[in-house]
Amino acid sequence: MNFNELILPLLIILTGIILGFLFELIIFRKIREKCLETDWEGFKIVIQSLKGLSAVCFTIAAIFIALNYLKIDSATLSYINKVLTIILILLITWFVARLTSGFVNLYTQRAEGVLPSTSFFGNITKLLIFAVGVMVVISLLGISITPLLTAFGIGGIALALALEDTLSNMFAGLNVITSREMEIGDYIMLSTGEEGYVQDITWRNTTIQSLTQNTIIIPNSKIASTIITNYHQDQKEMLIKVNIGVAYDSDLEKVEKVTVDVAREVTKRLSGADDSMDPYIRYNEFDDFSINFTVFLSVKEFVEQYRLKHEFIKSLHERYDQEGIVIPFPIRTVHMKNEKDN
């Protein structure tokens, strides 16, 4: 086979590659824009699943056509066709996996109260479809699947031991999801100190976004074995406490009235505060230099407490100055004993 005989097949393959990229950049983009304008989420999943496949499919089709113009023996031609068929099967498997996983994730998002909205089930669906695709490829190669399944069964024990941590995380993740201890969007705090909003629960780990916008990645096995406080479970509203002390010569009735008035005003002013609960105080301690008490307020969710405390302390300090209520500094009274010299 000389170079002149390769010119036409190469041109056909090059044309297929160019047409594939043009289809991806122009036509497919137009189709995607039209589909994204629709209200049905399924169109978006289909378009996202097809992304990047058109260029490869055009190239494979061009190679199939180019083979008809190549002078090669039948054995080599059969081998090339088989390789291209395997590639095509893997592409179809990849498309079906992405498509099915997308619809599974869409269903879990809409099935509120039935399944939590995580990527766990979508990832498991992908793995199952890829396993089916690999089995089809093995069958196409003429390899019997039954002995392989037997070998996999024996080797599965060794694999399970080797992947003990991975499998532990996977089953722990499944347990966390099915037990509904936490869901996407919940604000949680672990006994080890990590806290934040749950972003996702995958087959291996749970992702949390902290208030500082940092991403915390925690293995599912750790999540399953630690103590978790879920501030969104059952209800988001929560009671918060602010500890304060006033001087011993203060009028405690006046202190209570002024403090509660300020707490009510701040609670009504802030959108994150829960004004359905009336603030109140409780005196609790005679300290060394002050009478201490706790102010109880309510917020709509955990993170709102920081802003409420901030505004309440500022407003209360200003009002105490106006009313002449003293928040004392730490005071120590020292008695000195004078001794006569001998």
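Assorted remarks:
- Rg/Rh for the stretch 247-338 (Cα atoms only, Rh after Kirkwood) is 1.08.
- Long-range amide H partners of D200 with built H, under 5 Å: T207
- Value of D in µm² per second that Stokes-Einstein yields for the stretch 183-341, Kirkwood Rh from Cα pairs, at 20 °C (1.002 mPa s): 115 µm²/s
- Think of the stretch 199-282 as having a plus end and a minus end, set by charges on the Cβ of Lys, Arg, Asp and Glu; of N243, T215, V260, T215 sits farthest toward the positive end of this dipole.
- Cβ-Cβ FRET estimate between K257 and S210, R0 fixed at 35 Å, reported to 0.05: 0.35
- Computed about its Cα centre, the charge dipole of the stretch 221-342 is approximately 400 debye, with only Lys, Arg, Asp and Glu carrying charge at their Cβ.
- R264/Q233 FRET efficiency (R0 35 Å; Cβ-Cβ; nearest 0.05): 0.80
- Dimensionless Rg ratio for the stretch 178-253, taking C-alpha atoms and the 2.2 N^0.38 Å reference: 1.55
- Of K126/K222; K34/K82; K30/K71; K257/K300, pairs whose Cα-Cα distance is over 31 Å: K34/K82; K30/K71
- Selection from H232, S290, H310 lying farthest towards where the dipole of the stretch 204-342 points positive, charges on Cβ: H232
- Note on the stretch 262-316: Kirkwood radius taken over Cα pairs, Stokes-Einstein applied at 10 °C and 1.306 mPa s, translational D equal to 133 µm² s⁻¹.
Every number here is computed from the coordinates shown, using simple stated rules; none is lab data. Since this is a predicted model, take the numbers as computed values, not measurements. Cβ: placed from backbone, ideal geometry, glycine included. Neighbour counts: every protein chain shown.
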